[in-house]
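Notes follow once the structure below has been shown.
The values are calculated or read from the model by the stated rules, or taken from the named source; none is laboratory data. These numbers come from a predicted model, not from an experiment. Neighbour counts are summed over all protein chains in view; Cβ atoms, including those assigned to glycine, are modelled from backbone coordinates with ideal geometry. Heads up: the accessible areas ignore ligands, DNA and RNA and are worked out on the full protein's heavy atoms, side chains in. Shrake-Rupley method; radii C 1.70, N 1.55, O 1.52, S 1.80 Å.
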Amino acid sequence: MSASVQLAAFIKAHPGSIAKVVDFNTDSDRLYQFDLTIGNKELDAATIADKDKFARWVSEKLEANGCKYGFGGYMENRNIYAHSKLFNEGLVPRRHHLGVDIWAKAGTPIYSPLNGTVHSFQDNNNHGDYGPTIILEHDLNGLKLYSLYGHLSRKSLAGLSEGQPVEAGLQIGSLGDTEENGNWPPHLHFQLMFDVEGKKGDYPGVCSLDEKEKYRKNIPDPQLILRFPKAVNA
């Protein structure tokens, strides 16, 4: 049985053990589906390259559609990484997004959806990078799972220590602004991994096309945990 199948089985058998990641109210909140693929001609290079203009574009989309949160990105082929050298080093550029993004206002609280411990944390302070990042470790009846939270505020890292216990539903941080989160519009990069390959405070969130299937085996769809309703897209 694959790790992804084991994870799905655990969630089905223990639905009450899964808590929220953000304060999304299914009765009152709407979710906007962002399209950041290379096929979205509305999102031009000039907007992407200007962090303030990009942030306004995101905010305007949410406001125009009456949505508190935006969502999307698992295994999405994106054009937004072309402006950062971080994703263009080596022979093959990286364009495939491995986690999901939850777009919201800076300062939005972020919670752990599962019991676990703090595995590692660091400020990946590079243009286009995660900025402040936390990785949690979870033991789901013998299945090891890691959850990554990128683009947090710097104050989210204060007082943390490796091995620190974390309960499901505990606030672990808040979204950072564009000046501290790697120069992105405020959002959470949320990603699940079965193996962090010895890394601490960081793990790839974007890969090249030839690496996509390798990473898919290690990175399940975060919707298994999030369980968001169907999003709107105008």
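For segment 123-138, 3J(HN,Hα) computed residue by residue from phi via the Karplus equation (6.51, -1.76, 1.60; θ = phi - 60°) reads 9, 7, 8, 10, 4, x, 8, 5, x, x, 9, 10, 10, 9, 10, 10 Hz, glycine and proline entered as x. Given +1 at the Cβ of Lys and Arg, -1 at the Cβ of Asp and Glu and no other charges, the dipole of segment 160-228 around its Cα centre is 300 debye to the nearest 20.
When the solvent-accessible area of the chain is split by element, carbon and sulfur atoms take up 50 percent of it, the probe being 1.4 Å.
With the alpha-carbon atoms of segment 156-211 aligned to their principal axes, the span from lowest to highest coordinate is 38, 29, 18 Å, starting with the largest. In summary, the aspartates and glutamates within cross-link reach of residue 20, defined as a Cα separation below 17 angstrom excluding same-chain residues under 8 places away, comprise 29, 101, 137, 167, 221. Once backbone amide H atoms are built at 1.01 Å from N, residue 174 has 110, 153, 156 as its partners under 5 Å, excluding neighbours fewer than 5 places away on the same chain.
Scalar couplings 3J(HN,Hα) for segment 219-232, obtained by applying the Karplus form with A = 6.51, B = -1.76, C = 1.60 to θ = phi - 60°, are 10, x, 5, x, 4, 4, 8, 5, 6, 5, x, 4, 8, 9 Hz; x denotes Gly and Pro. With a 1.4 Å probe rolled over the protein heavy atoms of all chains, the accessible area of 167, 197, 211 falls in the order 167, 197, 211, largest first.
Sum up the charges of everything whose Cβ sits under 15 Å from the Cβ of residue 134, counting Lys and Arg as +1 and Asp and Glu as -1, but leave residue 134 out. Summing Lys/Arg as +1 and Asp/Glu as -1 gives -3.
Pairs of C-alpha atoms in segment 1-64 farther apart than 17 Å represent 64 percent of all such pairs.
Relative to the first principal axis of the alpha-carbon coordinates of the chain, what is the inclination of helix 3-13, with its axis defined by its Cα atoms, in degrees from 0 to 90 and to the nearest 10? Taking Cα atoms only, the helix is inclined about 70 degrees.
Across segment 98-230, Cα-Cα pairs farther apart than 19 Å form 46% of the total.
Three principal axis extents of the chain based on alpha-carbon atoms, in descending order, are 48, 45, 37 Å. Once the 1.4 Å probe is applied to the protein heavy atoms, segment 1-71 comes out at 56 Å² accessible per residue. For the chain, the residue among 176, 106, 146 whose Cα projects farthest onto the positive side of the dipole built from Cβ charges is 146. Applying the criteria of a DSSP loop state and at most 11 other Cβ atoms within 10 Å to the trypsin sites (Lys or Arg not before Pro) of segment 40-72 yields 41. In order along segment 107-119, the Karplus-derived 3J(HN,Hα) couplings, from 6.51 cos²θ - 1.76 cosθ + 1.60 at θ = phi - 60°, round to x, 4, x, 10, 10, 7, x, 9, 5, x, 9, 6, 7 Hz, and Gly and Pro are given as x.
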